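The values are calculated or read from the model by the stated rules, or taken from the named source; none is laboratory data. Treat the numbers as computed from the prediction; the structure is a model and nothing was measured. Here Cβ is always computed from backbone atoms with ideal geometry, including for glycine, and neighbour counts include all displayed protein chains. For accessibility, only protein heavy atoms count, side chains too; no ligands or nucleic acids. Shrake-Rupley method; radii C 1.70, N 1.55, O 1.52, S 1.80 Å.
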Amino acid sequence: MSRLNFCSFFSVAFGEDRKPYLYQERFAEAEQLPEVVDVPTGLGKTAAAVLAWIWRRKFGSEAIRKETPRRLVYCLPMRVLVEQTLEETVRWLDNIGLLGGEATWRGGAERRLERYEPWPNDERPATGWAADALAAAPTIQASRVAVHVLMGGEDRTDWASWPERDAVLIGTQDMLLSRALNRGYAASRARWPIEFALLNNDCLWVFDEVQLMGSALATSSQLDAFRNGGKQRGGFGVYGSCRSLWMSATIQPDWLDTVDHMTPDQPALGLSAEEKRDRASEAGRRLNATKKLIPARNRLDKKATALSAEILETHIRRAAEARAMTLAVVNTVERATRLHNELRKIAAKRKLTVDLLLVHSRFRPPDRRAIVDRLRSDCPEGGRIVVSTQVVEAGVDISAGVLFTDVAPWASLVQRFGRCNRKGDINGAEVYWVDVDDPAPYPSDDVADARKILSRIQVSEVNDVGPASLPPEKLLYRPLHVLRRKDMVDLFDTTPDLAGNDIDISRFLRDGDDHDVYVFWRNVGKGASPDDTDEAPPRREELCPVSAPRFRDFVAGNDRVWRWDFLDDRWRTAEQSAVHPGQTFLVASDAGGYSPELGWHARNDGPVNVVEREAAAKTEQSTDDEPLSRTTGCWQSIAEHTDDVCRELAQIVGQLPIGAASGALAIAARWHDWGKAHGAFQAKLRPDCRSVAEARAIYARAGGFVAKAPSNCWSRWNQRAADAEGSLHRPHFRHELASALGIFVVGTDILPDELRSLVAYLVAAHHGKVRLSIRSLPGERKPPTSRGDTPQFARGVWDGDVLPIVDLGGGVQAPETALSLESMQLGLSDADEPSWVARMLEVRDELGVFRLAYLESLLRAADWRASDHADAIRGPQNG
């Protein structure tokens, strides 16, 4: 195919005869990816990054394809940008013929994404342009690419189950970086390690609009140093390539100079001198767009009346000329809501026909999508006034004729200017700056510096804030908190402290105290608990981000708010003192707190509509939860399930660059469910279920044990069941701990000593609940005392428990083995064997936190896929 080049690829992606800017071509075709992209707003940085990654991963030279990571992680500072980036990426992949999944579009030429269902393992052949490219270049292996949004909640399709597949992951810095720090916001605790692993290995991270990131920018630099080596020490090491790219119209490379990360040694990628001089080109028109700077007559006071009237007067003057948009950007959600409400009152009183729109970050995804659709649609007669917070600063492709903006740090103001006369096609565009008494949420020094710059421009001969006229300014970056190497090591362990608390990572994600929690609403009757209706975990479309301090005020004296207790497998009434950033809360729909027009609004006491949701994937929502052991009707022995896991693991590992570690993984896969033969696990099967009795008889004849059974055949722990089953019915029992303890006992003819600790870790960690440490939990059943002493116990395993002879499939038989919990103790045992903690720390430090977690994630993915495969293929069996 003669037209197999980036220009034709770019045009097809956009679905029109559109050529890339020269810098976009250089980006895609360079031998080495840049670290910094410095390009003015409105000149296609998102397209440059996404399309360059697709081109390099799928259609570049063999060397470039091999060096390009298989996951693109696109990190945005604001939630309002996520849906827009998702839509653009899905459209580009769909046009190329490589979209993994199914997209439904609405509208004509300006089609909008109605619905997208990602298929992580989409094996359909490429179509369209990509199919032609493959026909012309048979050496290319262009598989489809699914696009996933990481915004919290549980999804029906699970990207983490397919670590060997190419994927685009899009999310905010809170959601993505919290996962990269092993404390995923709005995610199940058991899921933290697998997302931590997959976001720190074999990824290209793209950080867009970095001037808005705050302390998270330093976090991104430090993570890059930890992966790849930095100033002081080598990195922890990763599997595959894991690179970072930072983009902004105001970025300065020395912002990336942190305690471990060096300033990039290659120059930033930007527009060429030729592109800047060519005023006839699209880039030239955007660069030379003019925008007159004017001081606003009024400030935003408590009533907001005077400023609202000024905005309306200015808008009416402009709207008389054309269907115009006026944009007002203020610094906080509270100010935006106040200004919007006052504008609505005045417009109604004057009977003005104007489309009023409020945009900020405190909306649920369906309502936010509806707002963004209106924002991007043609202005109606009478024009449109958009009141927004800084969410419009980054990547929102709108162009207003008039902009009112609060004074903010200069880098933020430059982004806001980019939303006025964006394409250079509006005559007489105006920017009004509104002074502020309170600089929150920004540092007062940064706001004061910006005020001085505005004053200088205003009295200059040019008096223009278009891109070509902006004065060069040296901007300082002063992160409040910097992630250190010790922090990263400590975060690897996901075990809560003795008080049940976790390391607080919020300081590494956002500046100040205004961090978020995530809230969703369900119909819970008066005097009832969510446990009464067995409320499921939230889906992404239900979650609304809310300022943690504001939510603490809402929780005070309110008994209609609950938080999930991972340990006790139940909903607990939320307490004001226990509200911390990143947590998820359920609110009764009749308790209010939200409206589709205003978003989170604590004073709104009307009922909140519950978002319709579809069934979610299996997730482990408590320490006792065993979703992978529950099926829709399929029975499997330990041997059958283990054979399936080993097959899935071989398929995964065969496509990944993990080298010699594949041997330890294969052994761990074969032995990972040995502990399911423990009597405490088999006792979870209900004895009063006829199909259970039949299955037990079937597997007893086969010399095996049940690993998988229909959901209705598993019992929950309660005192009556405990009395019936005796000592075998144990709360908090973890079969993977029993498997791992057995690993320490089997002979060297079965398992070489040099692999024993790594295999034990991988076996113990394959549900994400037993990792670096072993300890008992509150409410555990204690073993009976012997000679006045209580034997060691942890996670339902008692010292001296015996695992029987078990068929593990593949011709492997586990011997009868007595389990010892001596390794719970610190220091050497009586047999001079190191403790569990000592063994696991040695493994962690030898492999590094990223590689060890990656191996852990591969076994977990194989286990998930084997369980799903059994349900889908085997179907109901034995009743």
- Query: What net charge do the residues around Ala268 carry, taking every other residue with its C-beta under 10 Å from that of Ala268, with Lys and Arg at +1 and Asp and Glu at -1?
  - Reply: -2
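Tell me the trypsin sites (Lys or Arg not before Pro) within the range 224-267 that lie in a loop according to DSSP and have at most 12 other beta-carbon atoms within 10 Å.
Values: sites: Arg227, Lys231, Arg233, Arg243; in loops: Lys231, Arg233.
Taking the range 224-267 and a limit of 12 other Cβ atoms within 10 Å, the loop trypsin sites (Lys or Arg not before Pro) found are Lys231, Arg233.
Could you check how many percent of all C-alpha pairs in the chain are farther apart than 51 Å?
On the way: 79483 of 385881 pairs.
More than 51 Å apart: 21 percent of the Cα pairs in the chain.
Based solely on its DSSP helices, what 222 nm [θ] is calculated for the chain when runs of n ≥ 4 H residues each add -39,500 (n - 2.57) and the sum is averaged over all residues, nearest 500 deg cm²/dmol?
Values: 27 runs with 291 residues, N = 879.
It lands at -10000 deg cm²/dmol.
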- Sort out for me the Cα centre separation of the range 255-333 from the range 380-443, rounded to whole Å. 5 Å
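Provide the gained length on full extension for the span Asp301 to Gln576, in nm with one decimal, where the gain is 0.36 nm per separating residue minus the Cα-Cα distance.
Working: separation 275, 0.36 × 275 = 99.00 nm, distance 3.05 nm.
That pair, Asp301 and Gln576, stretches by 95.9 nm at full extension.
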- May I have the pair-distance distribution P(r) for the range 1-138, computed from all Cα-Cα distances with 5 Å bins from 0 and rounded to whole percent? 2, 9, 18, 23, 23, 16, 8, 2, 0
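Taking the radius of gyration and the Kirkwood hydrodynamic radius from Cα positions alone, what is the Rg/Rh ratio for the range 423-512, to two decimal places?
Details: Rg = 21.3 Å, Rh = 17.7 Å.
Rounded to two decimals, Rg/Rh equals 1.20.
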- Across 10 Å bins from the origin, how do the percents of Cα pairs in the range 45-118 run, short distances first? 17, 46, 30, 6, 0
- Over the chain, calculate the relative contact order: mean separation of alpha carbon pairs under 8 Å at least 6 apart, over the residue count, as a percent. 12 percent
- So, in Å, what gap is there between the alpha-carbon centers of the range 837-857 and the range 522-575? 35 Å
- Once both label points are put 7 Å beyond Cα along the C-beta direction, the Glu123-Ala273 separation in nm becomes 5.5 nm
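Return the inverse of the average 1/r over all pairs of distinct C-alpha atoms in the range 372-438, which is the Kirkwood hydrodynamic radius, in Å to one decimal. Don't jump to the answer; show the numbers that get you there.
Details: mean 1/r = 0.0784 Å⁻¹.
Taking the inverse mean of 1/r over all distinct Cα pairs, the range 372-438 comes out at 12.7 Å.
Taking every DSSP beta bridge that has both residues in the range 51-195, what percent is antiparallel when rounded to the nearest 5?
35 percent
Which pairs in the list Lys45/Lys486; Lys526/Lys684; Lys19/Lys423; Lys19/Lys474; Lys45/Lys345 are over 28 Å apart, alpha-carbon to alpha-carbon?
Details: Lys45/Lys486 34 Å; Lys526/Lys684 34 Å; Lys19/Lys423 17 Å; Lys19/Lys474 33 Å; Lys45/Lys345 39 Å.
Among Lys45/Lys486; Lys526/Lys684; Lys19/Lys423; Lys19/Lys474; Lys45/Lys345, the Cα-Cα distance tops 28 Å for Lys45/Lys486; Lys526/Lys684; Lys19/Lys474; Lys45/Lys345.
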- Between rounded, prolate and oblate, where does the range 181-307 land on the alpha carbon gyration tensor, with a ≥ b ≥ c its root eigenvalues, rounded for a/c under 1.5, else prolate if a/b exceeds b/c? oblate
- Note on the structure: Per-residue accessible area, 1.4 Å probe, largest first, puts Glu612, Glu461, Glu62, Glu102 in the order Glu461, Glu612, Glu62, Glu102
- Going through the range 415-494, which trypsin sites (Lys or Arg not before Pro) have at most 10 other Cβ atoms within 10 Å and a DSSP loop state? Lys474
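Just subtract the alpha-carbon distance of Arg374 and Ser281 from 0.36 nm times their residue separation and send over the number in nm, one decimal.
This chain segment gains 30.6 nm when fully extended.
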- Note on the structure: In nm², the average projected area of the convex hull spanned by the Cα atoms of the range 277-417 is 9.4 nm²
- Note on the structure: Simple SL model, points at 7 angstrom along Cα→Cβ for Ile316 and Ala135; separation in nm is 6.3 nm
- Task: Write down the accessible area per residue of the chain in Å², having rolled a 1.4 Å probe over the full set of protein chains.
- Result: 39 Å²
